[in-house]
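Report on the structure given below.
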Amino acid sequence: MDQNNYSSLHDFILLGFSDHPKLEMVLSGVVAIFYLITLVGNTAIILASLLDSHLHTPMYFFLRNLSFLDLCFTTSIVPQMLVNLWGSDKTISFVGCVIQLYVYMWLGSIECLLLAVMSYDRFTAICKPLHYLVIMNPHLCLKMIIMVWGISLTNSVVLCTLTLNLPKCGNNLLDHFLCELPAVVKIACVDTTAVEMSVFGLGIMIVLIPLLLILISYGYIARAVLRMKSKAGQRKAINTCGSHLTVVSIFYGTIIYMYLQPGDSASKDQGKFFTLFYTVITPSLNPLIYTLRNKDMKDALKKLIRVDYESTKIKRNWKS
């Protein structure tokens, strides 16, 4: 019988943590809290950096893109995740799963490449400060962002199409709480070595090569910082780069664990928790990491809060 006849399914059943209902209840609360933090924190960063003219620089242009990306990334995943964790109906339509898989891979790939672009921005600012605004001009920044989104879309289309074309032989049980690529690969009823090698190869291009470029950039940055005579300049450079390096460490650490290791080397539940970490918790930490270590961003947020407070006060006076 033709295996392709088994490839299309009307819906999938997301098993999640079905064997642990109490754990699902706790996780749903945690996910909802972190999602709210993500929405508030990243929206605040976007508004503050747009409204404060001092933050109209390449660094904050990329930071706004990162915040916007985190908002899109979590919003494409969390609602379905909460439905899976809260409700008794664990099904997701085939079309819904396909859309989630493509968007999930697309936005995840963007973050990998965007963090590399941000490291190049920091390298230029610290190692070539006199030429920074000439090199990182608005036209180049926009071209880099378009390139990042385009490459990531191509990666998503290739990997997801290969995965979805695998015959399922009637198996529609996904041992996860979202349609993630490794979970979809595991339900295939044929040898998946070719697809797994494709995932690994593209993973090297999208994950390891950008990570290598980030490490090289920070090698040059560290040398430049050590040569600085001004202690204030050193502290400012360390604070700015420290925020980015913290985000890189958290995000890439979990991604490498999930996608660049042998398929059977970790337990199923470990993979689910790591997915939960980099899809929900990491995007909520980014605003905190960047604002706590960045004086300019803290000042911009204070202005935003002050403007909001004054506008609320004016409205109250008009009503009274």
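The values are calculated or read from the model by the stated rules, or taken from the named source; none is laboratory data. Being a predicted model, the structure only gives us computed values, none of them experimental. Using ideal geometry, Cβ is built from the backbone for each residue, glycine included, and neighbour counts are taken over all protein chains shown.
Points to keep in mind about this one:
- Residue list for the stretch 226-241, filter: within 19 Å of Ser67 (Cβ to Cβ) and surrounded by 14 or more Cβ atoms within 10 Å (Cβ to Cβ): Thr240, Cys241
- Residue count for the stretch 189-204 satisfying the condition of being touching a residue at least 24 places away in the same chain (Cβ under 8 Å) and assigned to a loop (DSSP other than H, G, I, E, B): 3.
To keep it simple, each residue is scored yes or no on (1) among the aromatic types (Phe, Trp, Tyr); (2) surrounded by fewer than 16 Cβ atoms within 10 Å (Cβ to Cβ); (3) more than 26 Å from Gly96 (Cβ to Cβ).
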| site | (1), (2), (3) |
| --- | --- |
| Ser119 | no, no, yes |
| Arg122 | no, no, yes |
| His139 | no, yes, yes |
| Leu159 | no, no, no |
| Leu164 | no, no, no |
| Gly170 | no, yes, no |
| Leu173 | no, yes, no |
| Ala183 | no, no, no |
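- Test: residue in the stretch 84-101 that is in contact (Cβ under 8 Å) with a residue 12 or more places away in the chain, more than 27 Å from Asn171 (Cβ to Cβ) and surrounded by 19 or more Cβ atoms within 10 Å (Cβ to Cβ): no
- Residues of the stretch 52-83 that are surrounded by fewer than 17 Cβ atoms within 10 Å (Cβ to Cβ), modelled with pLDDT under 85 and closer than 18 Å to Leu304 by Cβ: Ser53, His54.
- Residue within the stretch 205-223 that is in contact (Cβ under 8 Å) with a residue 40 or more places away in the chain, farther than 20 Å from Ser109 by Cβ, of a type in the set (A, V, I, L, M) and outside any helix (DSSP H, G or I) present: no
- Considered as a group, the residues in the stretch 1-30 that are in a helix (DSSP H, G or I) and at pLDDT below 75 include one that is nearest to His176 (Cα to Cα), and that residue is Tyr6.
- Residue match in the stretch 168-181 (condition: closer than 30 Å to Met25 by Cα, assigned to a helix (DSSP H, G or I) and touching a helix residue (DSSP H, G or I) at 6+ places or on another chain (Cβ under 9 Å)): yes
- Here the condition is being closer than 25 Å to Asp70 by Cα and modelled with pLDDT of 80 or more; of Leu292, Leu301, Leu285, it holds for Leu285 alone.
- Filtering the stretch 179-202 to residues that are within 23 Å of Asn84 (Cβ to Cβ) and touching a Gly at 6+ places or on another chain (Cβ under 9 Å) leaves Cys179, Glu180, Pro182, Ala183, Val185, Lys186.
- Only one of the numbered conditions (1) at pLDDT 80 or above; (2) surrounded by 15 or more Cβ atoms within 10 Å (Cβ to Cβ) is not met by Ile255, and that is (1).
- Flag set for Gly242, criterion: touching a residue at least 24 places away in the same chain (Cβ under 8 Å) and more than 17 Å from Tyr278 (Cβ to Cβ).
Okay, residues lined up against (1) in contact (Cβ under 8 Å) with a residue 24 or more places away in the chain; (2) under 15 Å from the mean Cα position of the chain (by Cα):
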| position | (1), (2) |
| --- | --- |
| Asp70 | yes, yes |
| Ser109 | yes, yes |
| Ser119 | yes, no |
| Leu130 | no, no |
| Trp149 | yes, yes |
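- Residue check, Thr154 surrounded by fewer than 20 Cβ atoms within 10 Å (Cβ to Cβ) and closer than 13 Å to Tyr102 by Cα: yes
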